[in-house]
Amino acid sequence: MILFETFGLFVVIALLGVPLVYGLLIATVGMIWWHGLSHPLTSIFLSYIGGVEPFVLIAVPLFMLAGEILSRGGVGLRIVTFATKLLGFLPGGLGIATVVSCLIFGGVSGSAIADTAAIGSVMAPAMVRKGYKRAFAGALMSTAGTLAVVMPPSIPMLVYAFVSGASVRDLFIAGVVPAFIFAIGLAIVCAWHGKSTGCDNGETRAPAREVWTAFVSAFPALLMPVIILGGIWTGLFLPTEAAAVAAAYGLFVAMVIYKDLHWRDLPALLLKSFTTSAVVMVVIGATACLAWLITVEQVPVQIAGFVTQYAHEQWTFLLLMNLALLVLGCFIEPVPALVLAAPLLVPLAIAFKIDPVHLGLIMTCNLAIGLYTPPVGGTLMVGARLAGVGMMEVTRALIPQFIISVCILFVITYVPAISMSLVHALR
Amino acid sequence: MSDPRAGDGAGALAAATLLPAGPPAPRPILWLAHLVDWSIVAIGATMATLVFINVILHLFHRDMAWTVEFCELLMVWVTFLGGAAATRRGAHMVIGELVGRLAGPARRYADAAIQLVVLVTLGLLFWYGLGIADAGRMSELTVLGWPMASQYAALPVASAITMVFVIWDLIEILQGRTRAQRYGEDHP
C-alpha cells in the first residue's frame with residue numbers, strides 16, 4: 001500500500017538525519033516517481049504553499065511570540081516562587097511545586113520545550129540541592145514540561161483543529177481537566193518519591209502573607225490563560241486574534257508591569273518565535289503534500305477497510321490507535337505526528353461515533369508522552385541536560401511517571417466525560 | 001589570501017547587534033542572512049500588529065477585511081524565509097540520534113550526504129516554485145487584487161536563499177569543520 005511505502009521511506013530518510021521537512025517532500029515525490037504516477041509535481045508543491053497559508057495557523061507564531069515574551073523575563077521564577085510557597089510544605093513539596101509551576105507556565109507558553117527549560121532551569125538545581133537524585137529531577141522536568149501541550153493554549157491542539165476542522169475553542173476547553181489530572185498524577189509520584197527516599201519530607205508551611213505576596217507577583221502571568229480562554233469562549237475574538245491579544249498582553253506585562261523586557265529585545269524575540277514557528281510550519285506544509293497524494297490515491301478509504309477488519313468496536317479502535325500513536329510518538333514530535341495521523345484517524349473516529357474534539361484530546365495527550373520517550377524526545381533531552389545526567393538514566397527514572405501517564409491516558413480515552421463535560425457545559 | 005570568514009563579528013551590520021549573530025560566514029552570506037532575519041522581524045511585527053488592530057476594531061464593530069488575505073500572504077513569506085533562517089542555524093527538526101553516533105570522517109561524509117540530499121530537494125522546490133509563481137501572474141488575490149505570484153514567489157525566493165546557506169555549509173563540511181564548530185556547541 002502506497003501509504004506504508006511512503007511512510008517507510010520517510011522514516012528511513014528521517015532516521016538518516018535528513019530534516020523532517022525534506023524527508024516528507026522526498027518521500028512524497030519519490031513515491032510518485034517510483035510508482036510512475038502521473039500526478040504533476042506542480043500540484044504537490046502548490047499544496048506545500050497552501051499548507052502554510054491558512055489564517056488560523058497564524059495563531060502558531062503569535063502564541064509562540066507571546067510565550068517567548070513572557071518566558072524572557074522573570075515570569076518562570078515568579079511562578080516557581082508562588083508554587084513553592086504554596087506547596088513546599090507537602091512531602092515531595094519541591095517536586096510538586098515543579099509540577100504546578102509547569103502547569104501554570106504551560107498556560108502561558110503553550111510549548112513543552114519552553115516549559116521544561118524555563119521551569120527546569122530554576123527547579124532542577126534546587127531539587128538536586130534538596131537531595132533529589134539528578135535522574136529523578138531530570139525525569140520530572142521531562143514529564144511535567146509536557147503539561148504545556150495539554151493545558152491551553154496548546155500549539156498541537158491548534159494544528160489538530162486546523163487539520164480536522166474541530167473547534168479550537170472546544171479543544172482548549174477539553175484540555176483543562178485532563179491537564180490537571182496529569183498534574184495530580186505527577187504530584188502523587190513526587191509525594192511518594194519524597195517520602196520513600198526521605199529526600200523531601202516537606203518544609204514548614206510558609207506564612208499566608210508570603211504566599212499572598214508571591215501570588216500577587218505572579219498574578220499578571222496567571223491571568224494570561226484566563227484572558228485567552230475567556231476571550232475565545234465569550235466569542236470576543238477568534239483563536240488567531242486571541243494569539244495576537246496574548247502577544248500584546250505579554251508585551252504589556254513584561255515591559256510595563258515586570259519591566260523585564262526592553263524595546264531593544266523585541267527584534268530578537270520576533271526572530272526567534274517566527275523562525276521556531278517556521279520550523280513547525282514547513283513540516284505542516286510538507287505534510288500537506290503527502291496528504292494531497294494519499295487523498296488522490298484514496299488511501300483513507302483503504303485504511304478504513306484495513307482498520308475495520310481488526311477493530312469492530314469503538315474500544316478496540318481506541319486501543320489500537322493509542323498503541324500506534326505511542327509508537328509513532330517515540331520517533332516523531334507531536335506536531336508532525338498529528339498532521340500525519342489526524343487526516344487518517346478523524347474519518348474513522350467519526351465512523352466509530354467518537355467526537356473529533358475528544359479524539360484530538362486523546363491524540364494530543366498520547367503524543368505528549370512521546371516527548372519524553374526515547375530515542376527522540378524533546379523534553380527528555382532538555383530535562384537530561386538541565387539535570388546534568390544521561391538520557392538513559394533519566395529514562396529509567398521516569399518509568400513511574402510514564403506508567404501513571406499512560407494509565408491516565410487510557411482513563412481519558414475511555415471516559416470521555418472527563419474532558420468533554422466542560423465542553424458540553426460551555427457549548 | 002584573506003579568510004573567507006572575515007565577515008565574522010557583530011560589526012558586519014550595525015543594526016545586527018539587535019539580533020543574535022548566528023553562525024559565522026563570509027560577508028556576502030552574512031548580509032544575505034541579515035536581510036532574511038530582518039525581513040522575518042518586519043513581517044512578524046506587521047502580522048502581529050495587524051491582527052491585534054483588527055481585534056481592537058471589532059470592539060467598535062469595524063473590520064479591515066483585507067488583513068486576512070494580507071496576513072496569509074505574509075505568513076507564506078515569513079514561513080519560507082523562517083525556514084531559510086532555520087537552515088542557516090541548523091535548527092530544523094531532525095532525528096539526529098543515528099548520525100550523532102558517528103565521529104570523524106564518517107560524520108563528515110554523512111553530513112555532506114545529508115546536505116546534498118537537501119540541496120537536490122531545494123533545487124526541485126526552486127524550479128517548480130518558479131513555474132508556480134510564473135503561472136500565478138495571471139490570477140489575482142481576491143481582496144487585494146495583487147497577482148498571486150506575489151504570494152507564490154516566496155517559495156522559489158526562499159529556496160534559492162536556503163540553497164546559498166546549504167552550499168556554504170557544504171563547503172565548511174568539506175573543509176573539515178564539525179557541526180559544533182559550524183553551528184555552536186548546542187548542535188553536537
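Springs join every pair of Cα atoms under 10 Å in this Gaussian network model of chain B, and among B:Ala65, B:Ala154, B:Ala110 the largest mean-square fluctuation is at B:Ala65.
Once the Cα atoms are used to define both axes, helix B:27-59 deviates from the longest principal axis of chain B by about 30 degrees. Helix A:112-130 and the long axis of chain A differ in direction by around 40°, with both axes built from C-alpha atoms. Net charge near A:Pro125: determine it from the other residues with C-beta under 15 Å of the C-beta of A:Pro125, scoring Lys and Arg +1 and Asp and Glu -1. For residues surrounding A:Pro125, the net value is +4. Which aspartates and glutamates does A:Lys85 reach when only Cα atoms under 16 Å apart count, and residues fewer than 8 places away in its own chain are ignored? Once the sequence-local aspartates and glutamates are set aside, what remains near A:Lys85 is A:Asp200, A:Glu203, A:Glu210.
Rolling a 1.4 Å probe over the protein heavy atoms gives the range A:277-325 an accessible area of 43 Å² per residue.
Chains A and B together bury roughly 4800 Å² of accessible surface, counting both sides and using a 1.4 Å probe on protein heavy atoms.
Computed from Cα positions, the angle between helix A:299-310 and the longest principal axis of chain A comes to roughly 70 degrees.
A Gaussian network model of chain A, with springs between Cα atoms under 10 Å, assigns the largest mean-square fluctuation among A:Leu15, A:Leu326, A:Leu380 to A:Leu15.
Listed by chain and number, the lysines whose C-alpha is less than 16 Å from the C-alpha of A:Lys133, apart from same-chain residues fewer than 8 away, are A:Lys195.
The range B:83-97 and the range A:281-343 have Cα centres separated by 25 Å. Estimated from helices alone, the mean residue ellipticity of chain A at 222 nm is -26000 deg cm²/dmol (sum of -39500 (n - 2.57) over DSSP H runs with n ≥ 4, per residue).
When the solvent-accessible area of chain B is split by element, carbon and sulfur atoms take up 68 percent of it, the probe being 1.4 Å. Of the residues in the range B:117-161, those shielded by at least 30 Å² of accessible area once partner protein chains are present, compared with the chain alone at a 1.4 Å probe, are B:Val117, B:Val118, B:Thr121, B:Leu124, B:Leu125, B:Tyr128, B:Ile132, B:Tyr152, B:Leu155. Taking amide hydrogens as placed 1.01 Å from N in the peptide plane, the amide H of B:Glu140 sits under 5 Å from those of B:Met148, each at least 5 positions away in sequence or on another chain. When both the range A:375-421 and the range B:105-159 are represented by their alpha-carbon centers, they are found 38 Å apart. Indicate the gyration tensor shape class of the protein assembly as shown (rounded, prolate or oblate), computed on the Cα atoms with a ≥ b ≥ c the square roots of the eigenvalues: a/c under 1.5 is rounded; otherwise a/b larger than b/c is prolate and the rest oblate. Taking the square roots of the gyration eigenvalues as a ≥ b ≥ c, the protein assembly as shown is rounded.
Cα centroid separation, the range A:99-162 to the range B:22-82: 29 Å.
For the Cα trace of the range A:216-369, dividing Rg by the Kirkwood Rh returns an Rg/Rh value of 1.08.
For the range A:32-188, the Cβ-based charge dipole about the Cα centre amounts to some 720 debye (Lys, Arg positive; Asp, Glu negative; other atoms uncharged).
Of the residues A:Leu41, A:Leu386, A:Leu222, the one that moves most in a GNM of chain A with alpha-carbon contacts below 10 Å is A:Leu41. In whole percent, and with a 1.4 Å probe on the protein chains, what portion of the accessible area of the range A:130-246 is carbon and sulfur? Using a 1.4 Å probe with all protein chains present, the range A:130-246 comes out at 68 percent carbon and sulfur.
Residues of the range A:294-314 with backbone nitrogen within less than 11 Å of a virtual label 7 Å along the Cα-to-Cβ line of A:Lys353, please, listed as ranges. What the label zone holds, given the 11 Å backbone N cut-off, is A:314. Among residues other than A:Glu210 whose Cβ falls under 12 Å from its Cβ, what is the net charge (Lys/Arg +1, Asp/Glu -1)? So the environment of A:Glu210 carries a net charge of +2.
The values are calculated or read from the model by the stated rules, or taken from the named source; none is laboratory data. None of these values were measured; they are calculated from a predicted model. Note: ideal-geometry Cβ built from the backbone for every residue, glycine included; neighbour counts use all protein chains shown. SASA here: full protein model, heavy atoms, side chains in, ligands and nucleic acids out. Shrake-Rupley method; radii C 1.70, N 1.55, O 1.52, S 1.80 Å.
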